Amino acid sequence: MYDAIVVGGGFFGCSLALMLARGGARVRLLERSSDLLTRASLNNQARVHHGYHYPRSVLTGLRSRVNYPRFTEDFSACIESGFRHYYAVAARQSHVTARQFETFCRRIESPLQRAPVAVRRWFNPALVEQVYEVEEVAFDALKLRAALQSRLQTAKVEVSLSAEVSRVVTAGVELATGELLLAPRVFNCTYSGLNQLLSRSGAEPIALRHELAELCIVEVPPELKSAGVTVMCGPFFSLMPFPSLQAHSLSHVRYTPHCAWEDSAAATGVAAAPRPSRFEHMRMDALRYLPALGQLRHLQSIWETKTVLPSSEQNDSRPILFRPSAVLPGLVSVMGGKLDNVYDLPAELERL
Amino acid sequence: MILSALFVSVVCRLRDQAALVEPLIAELSSVLGDHYENYEIVLVDDGSVDGTAAKIKELLSRFECVRLLRLSRKFGVDVALTAGLESAIGDYVVTLTPGMDPPALIPEMIALAQRDNAAVHGLAARPSRPLLHRVGARLFHWACVRLLDLPLQPGATHFRVLSRQAVNAISEIKDNYRYLRALTPYIGYATRTFPYQPLPSTPKPESLLEAVDTAIALVVSNSSRPLRFVSWLAVLASALNMAYIGYVFLVNVFKHSVAEGWTTLSVQNAGMFFLLFLILAVVTEYVGRILNETRERPLYYIAEEANSSVLIPGRDRRNVVTDSQ
Ligand SMILES: Cc1cc2nc3c(=O)[nH]c(=O)nc-3n(C[C@H](O)[C@H](O)[C@H](O)COP(=O)(O)OP(=O)(O)OC[C@H]3O[C@@H](n4cnc5c(N)ncnc54)[C@H](O)[C@@H]3O)c2cc1C
């Protein structure tokens, strides 16, 4: 008998288990894979959001700005800060202009300065209105995994790997092996699998939108080795250091999502069919803005399901989802659109 | 057939052509898919009001590699194509007029562009036009080439192939008035012409009045020669005036009864006013143009972008599994 069971050993499941255990609860964490943080928490852009990325949602920007120092302090050993991060505002088709972006950063009080001339020369002035240097670091997901593992151990959370939950029952869960574990509270932290678990448990689904995302892992030319570049704000690209593989990740708002679907009763889950890579598309477009990219080498592609709340599509906000089930008492579904959202969790837990 | 590794973008401008959308996409997809590993079809909706954009969006789930750029209102062919050019990512970008330019010719044109490392311009066999229109067009082209230093090609259409280099050069031109027909020669680079027979469904050519309007705008935004002519005209006018002053002076000296002179006076007056207004007209055109350029307004506004390959379960079930591992 546990006080709480957490399903899903991603960043959110681990963090939630920690919070509960530190509050004195006896917690069991169940993860389907053979290790923690193997899915979205590993396969992402590794950006510790500092607000810059959300010029169209002041609230999300502001929350990121507030949570940023907490995250970087909390996980200081997992931070990769040996690079400079540049945000470029596109001249055409951008949802914000350079002036609006400056105003936005001033409003949320995120530090911003114009990039030095040498850096601006990397860019094509016909397509890029302005380039800024910002303070925004990346995280190393493998180090994050190690840090969480040791914290979970210290907090005496019982972690089970290769433990798939097949459904949630009243005051407990049933594992794929048929084993039954009991706890008055069950947290569903399975991200792209949220609705699968809910539907198998007979609970009401949540409106979620999924995208099959392709992240290209690349080797950049030497002069860009210690740089990250994000082009704002529309169908543009992002080139971020990817610390866990000692390379960069290239993603593109237009080309990274290969397909999108909404959970319905008929189908949930991932489009698993292997697809041809869109690296060439991303490279061709990125080169137009950043001719300095020159010879970009494609090392591999990482495929992951990205899950977003349909409500946040319009304004680009990334709120946290925290939803107690109306059908199964004690079951709560938790999903964060980005890692630093985790600091918005304790307040919600208290309200339970 | 081995697919070429080239990345080809095709840009089309659509204006109230909902009926044309589906056959266009279907034909482009089959031609491009048969020849190139990577391609994209960029459809620019120039503020259509007949549901063209909605029709395209509907087709996005059936056809791959299609992108829709919807402009916020009508901006005209050249600006719409520019919006497409500035968003296209291919090694080669093809622009074409739907319903007029046969997509089947694209591979041939691209092969030519590649072989000669040049931009390729389609030259259409012109449909018959009224005599006045034909003569006017001839005269205009003669004037452009001989007097205005604008190397326009008679019969040149929007069917062209531009290399990435040429597209980049065009996106750097910031003029708000743009006529791709004049810009493409302007940026230099080698060019080749490609004569072809337009499709029978070719839209009607513009009327004489529209053609004259386009011609004036085209000349004013691409040549400063008329201003130079006006300067010479002004010099001539002042010289004539000087001569007239001399004449008046001489008359005064040698004639004692100066009662005549009404004729010369009015002729001189009328002549000078004629020149003055001519000069004013040309200068006004240019001042207007300068005004618009210095305002630095964006060339166009894109209201939305939409892409194909949105997967909807149920309609395309084979890509969905119920397990995420
Ligand atoms: C392409 C991409 C880029 C991103 N970029 C960023 C970024 O730059 N910065 C940022 O902050 N955020 C980013 N995000 C978002 C971020 O990755 C997620 O918000 C975060 O990882 C979610 O963590 P999680 O623990 O909820 O999900 P996950 O890490 O996916 O964890 C869910 C876990 O549940 C397990 N599971 C599923 N079903 C079961 C079951 N039935 N039984 C047991 N276990 C189960 C899975 O194995 C998995 O380990 C990105 C996401 C994607 C996809």
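Scanning the range A:99-127 for residues that are in contact with a helix residue (DSSP H, G or I) (Cβ under 9 Å, 6 or more places away or on another chain) and under 18 Å from residue A:68 (Cβ atoms) yields A:104, A:105, A:107, A:108, A:109, A:110, A:111, A:112. Here residue B:70 qualifies as open to solvent by 40 Å² or more (accessible area, probe 1.4 Å), over 21 Å from residue B:166 (Cβ atoms) and in a strand (DSSP E or B).
Look through the range A:317-350, keep the residues that are surrounded by fewer than 17 Cβ atoms within 10 Å (Cβ to Cβ) and without any contact (Cβ under 8 Å) to a residue 60 or more places away in the chain, and return whichever of them is nearest to residue A:68 (Cα to Cα). Filtering first and then ranking leaves A:347. For residue A:56, indicate whether it is within 8 Å of the ligand (Cβ to nearest atom) and open to solvent by 60 Å² or more (accessible area, probe 1.4 Å). Spelling it out, it is not the case that residue A:56 is within 8 Å of the ligand (Cβ to nearest atom) and open to solvent by 60 Å² or more (accessible area, probe 1.4 Å). Taking first residues from the range B:277-302 that are assigned to a helix (DSSP H, G or I) and partners that are open to solvent by 90 Å² or more (accessible area, probe 1.4 Å), the Cβ contacts under 9 Å between residues at least 6 apart in sequence or on separate chains come to B:282/B:229; B:293/B:174. Evaluating residue B:187 against the criteria (1) away from chain A (no Cβ under 14 Å); (2) surrounded by fewer than 18 Cβ atoms within 10 Å (Cβ to Cβ) leaves one unmet condition, (1). Mind listing whichever residues of the range A:157-178 are touching a strand residue (DSSP E or B) at 6+ places or on another chain (Cβ under 7 Å), assigned to a loop (DSSP other than H, G, I, E, B) and surrounded by fewer than 18 Cβ atoms within 10 Å (Cβ to Cβ)? Across the range A:157-178, the qualifying residues are A:164, A:171, A:176. For residues in the range A:179-190 being within 14 Å of the ligand (Cβ to nearest atom) and part of a loop (DSSP other than H, G, I, E, B), which is least open to solvent (accessible area, probe 1.4 Å)? Going through the qualifying residues, I end up with A:189. Of all residue pairs spaced 6 or more apart or on separate chains, those with beta-carbon atoms under 8 Å, a first member in the range B:63-81 that is among the polar types (S, T, N, Q) and a second member that is open to solvent by 40 Å² or more (accessible area, probe 1.4 Å) are B:72/B:301; B:72/B:302; B:72/B:303. Quick one: would you say residue A:96 is more than 16 Å from the ligand (Cβ to nearest atom) and within 14 Å of another protein chain (Cβ to nearest Cβ)? Judged against the criteria, residue A:96 is a match.
Scan the range B:161-175 and give yes if some residue there is surrounded by fewer than 16 Cβ atoms within 10 Å (Cβ to Cβ) and in contact with a Pro (Cβ under 9 Å, 6 or more places away or on another chain), otherwise no. Taking every residue of the range B:161-175 in turn, at least one turns out to be surrounded by fewer than 16 Cβ atoms within 10 Å (Cβ to Cβ) and in contact with a Pro (Cβ under 9 Å, 6 or more places away or on another chain).
The values are calculated or read from the model by the stated rules, or taken from the named source; none is laboratory data. The model shown is predicted, which means the values in this text are computed figures rather than measured ones. Glycine gets a Cβ as well: all are built from the backbone with ideal geometry, and neighbour counts include every protein chain shown. To get the accessible areas, we keep the full protein, side chains included, count just its heavy atoms, and leave off ligands, DNA and RNA. Shrake-Rupley method; radii C 1.70, N 1.55, O 1.52, S 1.80 Å.
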